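Working notes, structure below.
The values are calculated or read from the model by the stated rules, or taken from the named source; none is laboratory data. The shown structure was predicted, so the numbers you read here are calculated from the model rather than taken from an experiment. Cβ sites come from the backbone with ideal geometry, for glycine too, and all protein chains shown count toward neighbours. Areas reflect the complete protein model, heavy atoms only, side chains present, ligands, DNA and RNA absent. Shrake-Rupley method; radii C 1.70, N 1.55, O 1.52, S 1.80 Å.
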Amino acid sequence: QGTRDHAPAQTALRDRLLSAVVACFKRHGAAAIDTPVLELRETLMGKYGEDTKLIYELQDQGGELLALRYDLTVPFARYLAMNKVTNMKRYHVAKVYRRDNPATTRGRYREFYQCDFDIAGRFDPMIPDAECLKIVHEILSDLQLGDFVIKVNDRRILNGVFAVCGVPESKFIPACSTVDKLDKVPWEEVRSEMVGEKGLSPEAADRIGEYVQLHGGLDLIERLLQDPKLSQNKLAKEGLGDMKLLFEYLTLFGITGKISFDLSLARGLDYYTGVIFEAVLLHQENEHVEEPVSVGSVAGGGRYDGLVGMFDPKGRKVPCVGVSIGIERIFSILEQRLEASGEKLRTTETQVLVATPQKHLLAARLKLISELWDAGIKAEMLYKKDPKLLKQLQYCEDTGIPLAAIVGEQELADGVVKLRDVATREEVRM
């Protein structure tokens, strides 16, 4: 089916991952919002370029054509327009659905979580964009996934490149989605798709090739600003000016070591209007695994200033920039690392097991565990009237519960509880 069940250990790992990501979003002052899984079909159609075919559509529901959400960005734009919100910093963690050919080993599913962070509103150029890149850098550094690079580009620079290379405007978006394949296939294949399928002239394709294979930093931005053709193009000049500003802010954040200005980055979605970015893991630092997980992009995003206006009856625009963290792909990597290391993951947060050493003490256990629960302490007991003490302590070891609260006849007589540290076997009476 291209979806998967998660065992308790996997769920615990994903929860740990999600809470690390959400902690970062909250640190940056974002508020959580939630939107429905179902959207009107017309809300989603025509927003995703070639990927529109991957939307799950539903049968007519009594006069309404509905679809499952494909991402969290389009519903967010619809939410802003409907509620006339012009300024917001939000995060959203939820499942999205794609009628894709799944590749579960690479973390590609038909149902999966997305973790989005977005800043909506009119602000000075590139300050929110720089913060989005800082967030990606923070999350990937916190999760210690190994070496990564965050590629950045700008749709305006790409469109400028297409214009000066002689591509008609009607073919910008198809050319864009072809260029986007450069990280997966060599230039020759991309070139032949441009000419054969997208109808570009071989000369235009060759000229595009001279630009889209460039990548670097501030030096490359300066060089392109001096480029005789590109510097004459209004869009490209704007994009390059903003890119220079972005790199200045990223330098102040101290993260340019992981940032690459990459002209091959196109991101296939129709709604991007400015800066676009994508984070890629470079390799797996893992000797135990014979074949490293190939997961490709683990985060991506960009600026989409025109999307909210599509849903506003008066066409009012709300500039937005955002990023999505590919949590399932990161999960695939961490899961494989965990298996390789043989480390056991705790599947519950239970702090203490209430145990009894003799028979006929179920009442004492129930009274004590009730007190613990009422005091907000995470506690468990075995669902047997008279379990053996060894079995109870073994359960603590198997599940990683650190403490056992033991009440026997002697403890009841003395009005105490014996607290046992399961790992060290030390005991104290309280």
Query raised in the report: For segment 71-82, does any single residue satisfy the condition of being surrounded by fewer than 16 Cβ atoms within 10 Å (Cβ to Cβ) and either within 23 Å of ILE119 (Cα to Cα) or aromatic (Phe, Trp, Tyr) (or both)?
Result: yes
Query raised in the report: For segment 1-49, which residues satisfy the criterion of being among the aromatic types (Phe, Trp, Tyr) and at pLDDT below 90?
Result: TYR48
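Just to be sure before I move on: is PHE112 aromatic (Phe, Trp, Tyr), assigned to a helix (DSSP H, G or I) and in the same structural domain as GLY300 (by the TED database) in the structure I sent?
Values: aromatic (Phe, Trp, Tyr): yes; assigned to a helix (DSSP H, G or I): no; in the same structural domain as GLY300 (by the TED database): yes.
For PHE112, the condition - aromatic (Phe, Trp, Tyr), assigned to a helix (DSSP H, G or I) and in the same structural domain as GLY300 (by the TED database) - is not met.
Quick one: which residue in ALA375, ALA355, ALA340 is of a type outside the set (Phe, Trp, Tyr) and touching a His at 6+ places or on another chain (Cβ under 7 Å)?
Details: ALA375 fails: touching a His at 6+ places or on another chain (Cβ under 7 Å); ALA355 fails: touching a His at 6+ places or on another chain (Cβ under 7 Å).
Going through ALA375, ALA355, ALA340 in turn, just one is of a type outside the set (Phe, Trp, Tyr) and touching a His at 6+ places or on another chain (Cβ under 7 Å): ALA340.
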**Report entry** Search result, residues across segment 419-430 that are open to solvent by 70 Å² or more (accessible area, probe 1.4 Å) and under 44 Å from the mean Cα position of the chain (by Cα)
**Finding:** ALA423, THR424, ARG425, GLU426
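Test THR104 against the criterion of being surrounded by fewer than 19 Cβ atoms within 10 Å (Cβ to Cβ), touching a residue at least 60 places away in the same chain (Cβ under 8 Å), hydroxyl-bearing (Ser, Thr, Tyr) and within 24 Å of ILE139 (Cβ to Cβ), and give yes or no. Working first, answer last.
Working: surrounded by fewer than 19 Cβ atoms within 10 Å (Cβ to Cβ): yes; touching a residue at least 60 places away in the same chain (Cβ under 8 Å): yes; hydroxyl-bearing (Ser, Thr, Tyr): yes; within 24 Å of ILE139 (Cβ to Cβ): yes.
Judged against the criteria, THR104 is a match.
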Query raised in the report: GLY322 passes all but one of (1) in contact with a Gly (Cβ under 8 Å, 6 or more places away or on another chain); (2) closer than 30 Å to PHE123 by Cα; (3) modelled with pLDDT under 95; which number fails?
Result: (3)
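Take GLN336 and decide whether it is of a type in the set (S, T, N, Q), more than 30 Å from LYS134 (Cα to Cα) and part of a helix (DSSP H, G or I). Working first, answer last.
Values: of a type in the set (S, T, N, Q): yes; more than 30 Å from LYS134 (Cα to Cα): no; part of a helix (DSSP H, G or I): yes.
Spelling it out, it is not the case that GLN336 is of a type in the set (S, T, N, Q), more than 30 Å from LYS134 (Cα to Cα) and part of a helix (DSSP H, G or I).
If I filter segment 138-168 down to residues being of a type in the set (Asp, Glu) and not in a strand (DSSP E or B), which single residue comes out as modelled with the highest pLDDT? Steps first, answer last, please.
Let us first name the residues in segment 138-168 that are of a type in the set (Asp, Glu), namely 138, 142, 147, 154.
Filter again for not in a strand (DSSP E or B), leaving 138, 142, 147.
Working: GLU138: 97, ASP142: 93, ASP147: 90.
Ranking the qualifying residues of segment 138-168, first place goes to GLU138.
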Query raised in the report: Looking at segment 394-418, which of its residues are open to solvent by less than 50 Å² (accessible area, probe 1.4 Å) and in contact (Cβ under 8 Å) with a residue 40 or more places away in the chain?
Result: CYS396, THR399, GLY400, ILE401, ALA404, ALA405, ILE406, VAL407, GLY408, VAL417
Report summary line: Given (1) surrounded by 15 or more Cβ atoms within 10 Å (Cβ to Cβ); (2) modelled with pLDDT under 90; (3) farther than 18 Å from ASP118 by Cα, THR52 misses just (1)
Requested in this report: Among residues belonging to segment 122-142 that are of a type outside the set (Val, Ile, Thr) and more than 21 Å from GLY274 (Cα to Cα), point out the one that is most open to solvent (accessible area, probe 1.4 Å).
Outcome: ASP142
Requested in this report: Please indicate, with yes or no, whether at least one residue in segment 107-121 is under 27 Å from PHE253 (Cβ atoms), open to solvent by 30 Å² or more (accessible area, probe 1.4 Å) and at pLDDT 95 or above.
Outcome: no
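Every residue in segment 211-263 that is over 30 Å from HIS28 (Cα atoms) and surrounded by 20 or more Cβ atoms within 10 Å (Cβ to Cβ), please. Reasoning before the result, please.
First, pick out the residues of segment 211-263 that are over 30 Å from HIS28 (Cα atoms): 211-214, 219-220, 222-237.
Passing the criteria: TYR211, VAL212, LEU224, LEU230, ASN233, ALA236.
How many residues, within segment 161-210, are aliphatic (A, V, I, L, M) and open to solvent by 20 Å² or more (accessible area, probe 1.4 Å)? Lay out the reasoning, then the answer.
At the first step, the residues of segment 161-210 found to be aliphatic (A, V, I, L, M) are 161, 163-164, 167, 173, 175, 179, 182, 185, 190, 194-195, 200, 204-205, 208.
Keeping just the survivors that are open to solvent by 20 Å² or more (accessible area, probe 1.4 Å) gives 163-164, 173, 182, 185, 195.
The qualifying residues number 6.
Given the criterion among the hydrophobic types (A, V, I, L, M, F, W, C) and closer than 21 Å to TYR48 by Cβ, identify the matching residue among VAL190, VAL195.
Working: VAL195 fails: closer than 21 Å to TYR48 by Cβ.
Exactly one of VAL190, VAL195 is among the hydrophobic types (A, V, I, L, M, F, W, C) and closer than 21 Å to TYR48 by Cβ, namely VAL190.
Each row is one residue, and each column tells you yes or no for (1) more than 22 Å from the chain's Cα centre (by Cα); (2) modelled with pLDDT of 95 or more; (3) among the aliphatic types (A, V, I, L, M).
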| site | (1), (2), (3) |
| --- | --- |
| LEU230 | yes, no, yes |
| ASN233 | yes, no, no |
| GLU248 | yes, yes, no |
| LEU263 | yes, no, yes |
| ARG267 | no, no, no |
Query raised in the report: Looking at segment 41-53, is at least one residue without any contact (Cβ under 8 Å) to a residue 60 or more places away in the chain, within 19 Å of GLY301 (Cβ to Cβ), in the same structural domain as ARG303 (by the TED database) and of a type outside the set (Phe, Trp, Tyr)?
Result: yes
Report summary line: Residue hits (segment 192-205; over 17 Å from VAL164 (Cα atoms) and within 33 Å of the chain's Cα centre (by Cα)) are SER192, GLU193, GLU197, LYS198
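Per-residue answers, yes or no, for (1) among the hydroxyl-bearing types (Ser, Thr, Tyr); (2) assigned to a loop (DSSP other than H, G, I, E, B); (3) under 21 Å from ASP305 (Cα atoms):
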{"site": "SER192", "(1), (2), (3)": "yes, no, no"}
{"site": "GLU210", "(1), (2), (3)": "no, no, no"}
{"site": "LEU235", "(1), (2), (3)": "no, no, yes"}
{"site": "GLY241", "(1), (2), (3)": "no, no, yes"}
Query raised in the report: Hey, does segment 8-26 have a residue that's over 30 Å from LEU338 (Cα atoms), outside any loop (DSSP other than H, G, I, E, B) and either hydrophobic (A, V, I, L, M, F, W, C) or open to solvent by 60 Å² or more (accessible area, probe 1.4 Å) (or both)?
Result: no
Report summary line: GLU50 meets each of (1) over 20 Å from the mean Cα position of the chain (by Cα); (2) part of a loop (DSSP other than H, G, I, E, B) with one exception, condition (2)
